[in-house]
Structure formats: C-alpha cells, structure tokens
1. Given Cβ point charges of +1 (Lys, Arg) and -1 (Asp, Glu) and nothing else, what value in debye, to the nearest 20, does the dipole of segment 184-283 about its Cα centre take?
2. Only four residue types carry charge here, +1 at the Cβ of Lys and Arg and -1 at the Cβ of Asp and Glu. Report the dipole size of the chain about the Cα centre in Debye, rounded to the nearest 20.
3. Note down the magnitude of the dipole of segment 155-204 about its Cα centre, charges +1 on Lys and Arg C-beta and -1 on Asp and Glu C-beta and zero elsewhere, to the nearest 20 debye.
4. Work out the charge dipole of segment 28-183 with +1 on the Cβ of Lys and Arg and -1 on the Cβ of Asp and Glu about the Cα centre, then indicate which of 77, 57, 93 is farthest towards its positive end.
5. Taking the simple approach of a point 7 Å from Cα along Cα-to-Cβ for both residue 171 and residue 84, what is their distance in nm?
6. Report the antiparallel proportion of the DSSP beta bridges in the chain as a percent, rounded to a multiple of 5.
7. If one computes the Cα centroid of segment 215-265 and of segment 122-167, what distance in Å separates the two points?
8. Can you tell me the order of 290-297, 115-122, 221-228 when each peptide is scored by its average per-residue count of other Cβ atoms within 10 angstrom, highest first?
Amino acid sequence: MLKEPISCANQKSVANCIMLRRNLSDLLSFVTVAREGSFTRAAALLGVTQSALSQAISGLEAKLEIRLLTRTTRSVSPTVAGERLLQAIGHRFDEIEAELDMLTEMRDKPAGTVRITCGDHVVRTTLLPRIAPLLKEFPDIKVEFDVSYGFRDIVADRFDAGVRLGDTIDKDMIAVPIGPKLRMAAVASPAYFAKNPTPKTPRDLVAHRCINLRFPTHGGLYVWEFERRGEQLNVHVDGQVVLNSTPHIVLAALEGLGIAFLPEGEFAPHIEDGRLVRVLQEWCAPFEGYYLYYPSRRQPSPAFSLVVDVLRFSKRTQRR
C-alpha cells in the first residue's frame, strides 16, 4: 500500500526538526569542548571521534559566521564570542541533564552519578570506607571522586558536592560534618633523630630537613601551621624532598629523609609500632574536621541523599 505523500507543511516541519537536532548536537559539542579545553577529552566524554567533533565545531562556526574557539597545539579556549555563547547556553544543558537525572531517579531503585571533589586523605580515610557498603547495596549508583588540593568551584565545574575543612566553606553552602576534629602531627624516624636534635618549638624546624608538600593544583608549598594556647605560628620549612601526595610523604619519613607534617591519622600505625617518633605534640591543637558541602539551592536526588546520609558524622559514627 502506498503511503500518503508528506505535505509541504509537514516536509518543512520535518526539516526544521532535523535542523534543530543538528544544531543542538553541535551546540552541545561546543559547550563540552569549551569546558574541557581539549578536543581529546571532549570527544571521549561525547563518545565521538576527534575528527567528527572538529567538523561539528567548524560547521557551527561556519553557520554562525564567527569563530567560537581559539585553537593552539596545546590548548583550546573560547573566543570572546564563544565565551558569551557558553555563558548563555551552558547552564541550559546542565538543566536538561539534571532533569533527565531526576527522571532516572524516579525508578524503583536509586540510580545516577554523584560527583565529589575532595583531597586524597579524606578519600582514603572517610569517603571510600563509608560509601563502599552503599555502592554494594545500590549497584545503579555511581560515585566519581575528583582528587584536588585546590578550591574548586563546584557549581561552575558541575560537581554535586565538595569536601573541605569546616572553616573554609562559603556561607551560602549547606555544610554537613563527615568526621571528627583533626590534629596535625610532626614526625620523623628514630634514625633521623639519632643524628639530629629534637625540635622544642616550631621555630626550630628551620634548622631541620623537612619533607615538603607541594599542592598539585596551584603549585605552592604547604606552610606548616601550629597553635598552642592561642599562640599561632606559621613556619616555612625546607628539605631535600618535595612531594605532592601524602602516602609518599609518609614513606619518605619512614626512610629517614626528614620531619613530616600531616594529619595524625596518616602516621598513627607507624607511631604505634615505633617506626616514627612524634614531636611538637603540644603545638598541634585540634581543628575543625571535614565537611561535605553543596549549594543550598540544589534539589537533591535520591542517590545524592543516600550518599549524604552515609557520610554524615555523629558520635554513633565515631563508635563504629
């Protein structure tokens, strides 16, 4: 049986739909490349080839008759026009993605991806141990950890939440405690102290070999912070070794390469077995621990709410 021919009006409607779909696809490609600053990463996220992605951007620029991206051999960045377009439409795609996630969450089982930016220490000591049982119970929930020592803009970078120390969180964020107060510890191996005097005050550290921590995000060295009965001292230390991850700092201390300074939990088993010796303990006052924070205007999904619940710290949590 012959089908009824498509009328001119219907043909125009179909053509408009196809054009709209192509435009939306090209715009999404542009937003992804502009945010990632890389065709390689954007192509991986979108599940397309780099050549197809490049053609899509070139086609969009040709239709708009304006360049949207500045390309170099090392980076990709929006032009002035591209930045304007990104600010105008980027959040629209975020809203669509959020609504689709909400529809997914309306299924019988909580599902979806929860993205958290945090430091290495809190991932190992708090987040993974608490979240692991949840992921085993709800296989459709995914959690992505972005390990960063710098302050990320969780709204602009599209994270669901971040983890910081309690006194560094903006007031417009909801902050949920996920751990007890913390203390720092200055330690070195017995072999190191056999050849070097024990520091009596933080000021003595300038005469010692110390193991420095360089922040991977902004490249600066961590300034060691001490406090005793309200007196605060910040010490810039020096030494032969600089590292950008805490597990390697612990290893360097065990090797006798100098004095290390990290949250006491990093050194606890080695202090107990005598492989590390703690000093300046009276100068290491407790301070606010880790908090999970997220925008107050956020509408939490069931998956995100479950993650928050398992991470929330209480006296009962501490006893477990």
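1. Details: 9 positive and 11 negative charges, 52 e Å.
Rounded to the nearest 20 debye, it is 260 debye.
2. Working: 41 positive and 37 negative charges, 34 e Å.
Using only the charged Cβ atoms, the result is roughly 160 debye.
3. Working: 8 positive and 6 negative charges, 84 e Å.
Roughly 400 debye for segment 155-204.
4. So the residue we want is 77.
5. It is 3.6 nm.
6. On the way: 26 of 39 bridges.
Around 65 percent antiparallel, to the nearest 5.
7. A separation of 24 Å, based on Cα centres.
8. Details: 290-297: 18.8, 115-122: 20.6, 221-228: 16.1.
Answer by packing, highest mean first, reads 115-122, 290-297, 221-228.
Read-outs throughout are calculated quantities, based only on the coordinates presented, and are distinct from any laboratory measurement. None of the values given here were measured: they were computed from a predicted structure. Here the Cβ is made from the backbone with ideal geometry for all residues, glycine too, and neighbour counts use every protein chain on show.
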